[in-house]
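**Q** Can you read through this structure? Questions will come right after.
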């Protein structure tokens with residue numbers, strides 16, 4: 001029986017031992033994973049100064065409460081059991097140290113306890129019998145103890161059995177915990193293995209797809225070069241024949257009259273031959289374009305051969321007037337207010353003040369339902385259209401005090417309301433409207449010198465309103481982005497406050513339009529004076545810029561509107577170059593979207609994939625299909 005008791009005591013001690021210090025718990029604390037450890041110094045040393053740590057037993061990540069390790073719940077049961085074990089050990093030590101002598105009476109230390117009072121059920125000495133137990137029936141202490149041994153032993157046996165079942169239960173919990181940990185490890189390993197296999201497979205497929213696309217691109221390039229070489233080979237002999245005839249005639253001119261008369265006939269024949277011959281026409285090449293895809297399958301995209309133009313490009317250069325204009329008008333036969341398809345796009349409206357007409361269209365945004373909202377500045381209104389260019393309704397940009405606003409730009413927040421910035425004749429301001437045009441709130445913006453509040457965007461993740469402005473004189477402009485809460489409270493200023501600390505290439509002089517990337521939260525601003533795009537992170541820290549003055553690929557001239565598509569590509573209204581450009585998220589040039597606009601002003605991307613562009617000079621709006 002003593003051996004069994006010792007075994008159970010050992011098991012209990014093991015359960016009440018800290019897994020860190022390997023001693024009985026001291027102020028035990030329970031972690032969220034249900035494992036218990038000493039408060040000090042075990043958990044304090046384990047947590048250190050970090051905000052999280054791993055459980056030493058199950059390796060589960062544990063976050064610290066605001067109060068630190070003291071904020072974890074106390075394990076009162078473990079604390080009480082540890083205290084009992086310590087007391088028992090103390091008492092056992094004291095018993096072993098005391099010499100074995102007769103049982104002395106606590107009331108009469110000089111007397112030995114030899115009797116047992118049956119009435120009071122307590123051991124007594126002879127003096128006790130005379131004083132407090134006079135007349136009580138008594139019996140010998142040994143005889144009384146023998147009668148109680150069986151009862152006490154039965155209780156001991158019952159208690160040990162209960163204790164044993166509890167220990168068995170604890171062992172079962174520990175085995176279950178061990179099994180759960182093993183299962184989790186196996187499950188995590190399977191997940192990682194499946195992930196690695198999928199990544200490897202997709203990498204192989206992407207590599208194969210890349211090689212295939214490059215092969216298609218090379219094949220297309222070789223075919224077009226072959227066509228050009230064929231035309232070269234066909235025309236070069238004619239050039240040579242004409243050159244020889246003309247050279248010979250010029251030589252004979254210097255030799256005398258007879259030679260001139262003889263060569264005139266030969267030259268007349270050669271020139272006459274080519275006089276009636278049709279001039280060479282341009283080669284009808286079919287260059288391919290790469291179209292990225294945002295599908296989850298590893299296709300990368302497609303190499304598509306463009307259809308040749310309906311008419312050959314004239315061999316002679318354009319007149320100096322047309323070349324200076326760059327693109328010219330392509331909508332001369334279009335009627336005002338009537339949607340017109342051109343190169344697979346819809347272009348509608350024209351100058352006017354009637355419903356669906358524009359007088360200086362600037363900012364534009366598109367709702368999730370596919371409704372286009374255009375800031376019609378000179379008409380002091382917002383007009384609403386479908387993605388097919390059909391007029392729906394309009395509302396005047398009137399403030400709550402009756403003042404009218406010239407709207408410069410418009411953006412939509414996460415609740416479907418509109419934020420409009422503009423000029424009231426006395427102050428720049430920002431106003432929030434619902435979709436029907438009712439003013440919800442407004443706040444005035446800082447009065448600036450020559451600056452123009454050209455752009456507004458909404459960070460829907462933080463519900464912040466971002467507005468561009470320029471302060472300072474014309475000779476020393478300071479561009480900045482103001483970040484507001486909807487109630488008009490200024491959260492931060494991006495750019496101006498750190499103006500003197502920024503390197504020159506990071507400064508914004510005349511920021512125009514602005515957008516916020518939905519995935520990364522980056523802030524993108526068009527800088528009209530520096531002819532570039534500035535990119536900041538969501539907290540306003542400068543990341544990089546791209547673009548410089550010019551008309552080549554990747555160059556910009558007074559960029560205005562800016563937005564991003566679903567793949568994170570950046571679309572810019574290159575106003576000075578009369579075109580719309582696409583760049584990737586790193587600012588690398590991808591392609592021209594449109595090169596025949598007059599003065600593209602603002603751009604917006606619909607959730608369905610269409611791109612909407614306003615043209616300030618032509619007083620039109622164009623809708624480009626999904627690309």
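**Q** Please sort 433-443, 56-66 by packing, taking for each peptide the average over its residues of neighbouring beta carbons within 10 angstrom, highest first.
**A** Working: 433-443: 14.9, 56-66: 13.4.
Result, highest mean Cβ count within 10 Å first: 433-443, 56-66.
**Q** Something else now. Just report the Cα centroid separation between segment 610-624 and segment 193-207, whole Å.
**A** So the two Cα centres are separated by 43 Å.
**Q** Taking 0.36 nm per residue of separation and subtracting the Cα-Cα distance, what length does fully extending residue 74 through residue 589 add?
**A** Numbers: separation 515, 0.36 × 515 = 185.40 nm, distance 6.13 nm.
Result for the pair: 179.3 nm of gain on full extension.
**Q** Along the Cα-to-C-beta direction of residue 541, a point sits 7 Å from the Cα; which residues of segment 453-492 have their amide N less than 19 Å from that point?
**A** Within reach of a label on residue 541: 462, 481, 483, 492.
**Q** Another one. How do 600-609, 193-202 rank on mean C-beta neighbours within 10 Å, highest first? Can you show the working numbers first?
**A** Working: 600-609: 21.0, 193-202: 10.5.
Packing proxy ranking, top to bottom: 600-609, 193-202.
**Q** Go through 241-252, 507-518 and give me the packing order, highest mean Cβ count within 10 Å leading. Don't jump to the answer; show the numbers that get you there.
**A** On the way: 241-252: 13.7, 507-518: 22.5.
So the order, starting with the most tightly packed, is 507-518, 241-252.
**Q** Something else: Can you give me the Cα centroid spacing of segment 390-434 and segment 122-181 in angstrom?
**A** Between the Cα centres of segment 390-434 and segment 122-181 lies a distance of 87 Å.
**Q** What is the extension gain from residue 284 to residue 221, computed as 0.36 nm multiplied by their sequence separation minus the C-alpha to C-alpha distance, in nm to one decimal? Don't jump to the answer; show the numbers that get you there.
**A** Numbers: separation 63, 0.36 × 63 = 22.68 nm, distance 1.33 nm.
Stretched out fully, the residue 284 to residue 221 stretch lengthens by 21.4 nm.
**Q** For segment 162-249, rounded, prolate or oblate, judged on the Cα gyration tensor with a ≥ b ≥ c (square roots of eigenvalues), a/c < 1.5 rounded, else prolate if a/b > b/c?
**A** On the way: a/c = 18.99, a/b = 11.38, b/c = 1.67.
The shape class here is prolate.
**Q** Further, regarding this structure: Using only the Cα atoms of segment 13-93, build the gyration tensor, take square roots of its eigenvalues as a ≥ b ≥ c, and label the shape rounded, prolate or oblate: rounded if a/c is under 1.5, else prolate if a/b is larger than b/c, else oblate. Kindly include the intermediate steps, with their values, before the conclusion.
**A** Values: a/c = 2.39, a/b = 2.16, b/c = 1.11.
It comes out prolate by the Cα gyration axes.
**Q** Label points 7 Å out from Cα along the Cβ direction at residue 247 and residue 211: separation in nm?
**A** Placing both labels 7 Å along Cα→Cβ, they lie 5.0 nm apart.
**Q** Moving on to the next point. Which three numbers, in whole Å and largest first, are the semi-axes of the equivalent ellipsoid of segment 346-624 derived from its Cα gyration tensor as √(5λ)?
**A** 25, 23, 17
**Q** Counting other beta carbons within 10 Å of each Cβ, put 478, 136 in order, fewest first.
**A** On the way: 478 21, 136 15.
Going from least to most buried by this count: 136, 478.
**Q** Another question, if that's okay. Report the full-extension gain for the segment residue 121 to residue 157: residue separation times 0.36 nm, less the Cα-Cα distance, to one decimal in nm. Write down the numbers at each step before the final one.
**A** Numbers: separation 36, 0.36 × 36 = 12.96 nm, distance 2.30 nm.
Computed gain between residue 121 and residue 157 is 10.7 nm.
Every number in this text was worked out from the coordinates using simple rules, so none of it is lab data. Bear in mind the structure is a predicted one, so any value in this text is a computation, not a measurement. Backbone-built Cβ (ideal geometry, glycine too); neighbour counts: all protein chains shown.
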